Amino acid sequence: MLNIVLFGPPGAGKGTQATKIIQKYQLAHLSTGDILRGELSAKTTLGVEAKKYMDKGELVPDEVVIGMIESKIEQNAGVKGFIFDGFPRTTAQAEALDKMLNKRNIPITIMLSLEVEKDELVKRLLGRGQESGRSDDQDVTVIENRIKVYNSETAPVKGFYEKQDKLESIAGMGTIDEIFNRLCEAIDNTK
Ligand code: AP5
Ligand code: MG
């Protein structure tokens, strides 16, 4: 199996690149942000609860997202692999994911960490905010908070995978295709 953690700050291009990677390598795409927005548009209790955190750019509690991911892994039994996008976002989530995957004998193959300068992140997110209805892209203070939360709570997850010798940093500036080629090269090197 090929199991990828696609990592990086808000606006790094995780969702954009995941869409291309799943086509090429035929993986299942698990994005906690997309799952939470799906819950929200279905107006479930979970979605309504999560919105309170998302609108402020804060993280949804670990137990909520960990439970969500575990049920998605269950539902996708038999796939060629997973691409985890926006998860794990805390060390506790990384530890929980390792437990879930070790139990099933399907460990993480590689963490691909997209590195993008802050000014570019803000520019991309404000740009999307103008086109899409994503409420957390509308306000620069919410965007700044998402980046701050990434730096304090999420960036340390890189150390977790570095210790396992699985971290691969990828330059996330440039065109979408240039970045995709860098990601594919790193993936192909794992084989
Ligand atoms: P989530 O949905 O994961 O959002 P995020 O991390 O803020 O990341 P984005 O989706 O905004 O960015 P991306 O890296 O996917 O970039 P994209 O490809 O879209 O999370 C949202 C919220 O949900 C969190 O704040 C939190 O509250 C909650 N949450 C989710 N997961 C959680 C978890 N595990 N634990 C706790 N809470 C959780 O690209 C962005 C834009 O840039 C697009 O418009 C795109 O077209 C453009 N773009 C992409 N690549 C390029 C390029 N190379 N050049 C120019 N533009 C580009
Ligand atoms: Mg995304």
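A short reminder: the numbers here are calculations on the coordinates, not readings from a lab. In this text, all values refer to a predicted model and were calculated from it rather than measured experimentally. All Cβ positions, glycine included, derive from the backbone under ideal geometry; neighbour counts span all protein chains shown.
Summary of values
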read-out	value
Between the stretch 165-191 and the stretch 129-158, the alpha-carbon center distance in angstrom	23 Å
Residue-averaged 222 nm ellipticity for the chain, from DSSP H runs of 4+ at -39500 (n - 2.57), nearest 500	-16500 deg cm²/dmol
For the stretch 93-121 versus the stretch 1-45, the gap between their alpha-carbon centres in whole angstrom	12 Å
Exposure proxy ranking, count of Cβ atoms within 10 Å, fewest first, for Lys166, Lys56	Lys56, Lys166
Residue exposure sequence - Val60, Val157 - by fewest surrounding Cβ within 10 Å	Val60, Val157
Sequence-separation-based contact order of the chain, relative, with Cα cut under 8 Å and 6+ spacing, percent	33 percent
Over 29 Å between alpha carbons, listed pairs Lys72/Lys118; Lys80/Lys148; Lys72/Lys166; Lys56/Lys118; Lys163/Lys191; Lys56/Lys163	Lys72/Lys118; Lys80/Lys148; Lys56/Lys163
Proxy reagent accessibility, fewest Cβ within 10 Å first, across Ile4, Ile73	Ile73, Ile4
Dipole of the chain [Lys/Arg +1, Asp/Glu -1 at C-beta], most positive-end residue of Gly129, Val79, His29	Val79
For Ser31, distant residues with modelled amide H under 5 Å away	Asp85
Highest-MSF residue in the chain out of Thr109, Thr45, Thr91 [GNM, Cα springs under 10 Å]	Thr45
